[in-house]
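The block underneath contains the structure these notes are about, expressed in C-alpha cells.
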Amino acid sequence: MAARDCYSYDVLCPHCGQKGVFHVSEDDHPYMRNPHRTVDKIEGNFSASVEGGVDVKATCQDCKGSFAP
C-alpha cells in the first residue's frame with residue numbers, strides 16, 4: 001500500500017480575489033496511474049472537489065465562481 005504525501009497551497013479566486021489555503025493529500029508511489037488526490041482541509045470560504053482522482057476544482061462561496069487552483 002502506498003504512503004500518503006501531504007502538502008498545502010495558496011488559493012486565490014480569480015473572480016473576486018478571495019484568498020485561502022487548500023491542504024491536499026495523495027498516494028505517493030511513482031508507479032500509480034491515479035494519485036487518488038483528496039482535499040483534506042480548506043481554509044477560507046471555498047468548497048472543493050476532486051474529479052477523476054486528480055483534478056482539483058474550487059468554488060468560491062463569496063462570488064460562486066468556479067476555477068482550477
Open item on the list: One residue is enough: does region 9-25 have a residue meeting the conditions modelled with pLDDT of 90 or more, open to solvent by less than 50 Å² (accessible area, probe 1.4 Å), under 30 Å from C63 (Cβ atoms) and in contact with a Pro (Cβ under 7 Å, 6 or more places away or on another chain)?
Closed with: yes
Open item on the list: For the structure I just gave you, tell me whether S47 is polar (S, T, N, Q), at pLDDT 95 or above and open to solvent by less than 70 Å² (accessible area, probe 1.4 Å).
Closed with: yes
Open item on the list: I'm checking my understanding of the structure. Among residues of region 26-44 that are farther than 19 Å from F67 by Cβ and either touching a Cys at 6+ places or on another chain (Cβ under 6 Å) or not in a strand (DSSP E or B) (or both), which one is least open to solvent (accessible area, probe 1.4 Å)?
Closed with: P35
TODO: Take the residues in region 50-59 that are of a type outside the set (D, E, K, R) and touching a Pro at 6+ places or on another chain (Cβ under 9 Å), then tell me which one is modelled with the lowest pLDDT.
DONE: G53
TODO: Answer with yes or no whether K57 is of a type in the set (D, E, K, R) and not in a strand (DSSP E or B).
DONE: no
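The values are calculated or read from the model by the stated rules, or taken from the named source; none is laboratory data. None of the values given here were measured: they were computed from a predicted structure. Positions of Cβ are generated from backbone atoms using ideal geometry, with glycine treated the same way; all protein chains shown enter the neighbour counts. For the accessible areas, the whole protein counts, side chains as well, though only heavy atoms, and no ligand, DNA or RNA atoms are used. Shrake-Rupley method; radii C 1.70, N 1.55, O 1.52, S 1.80 Å.
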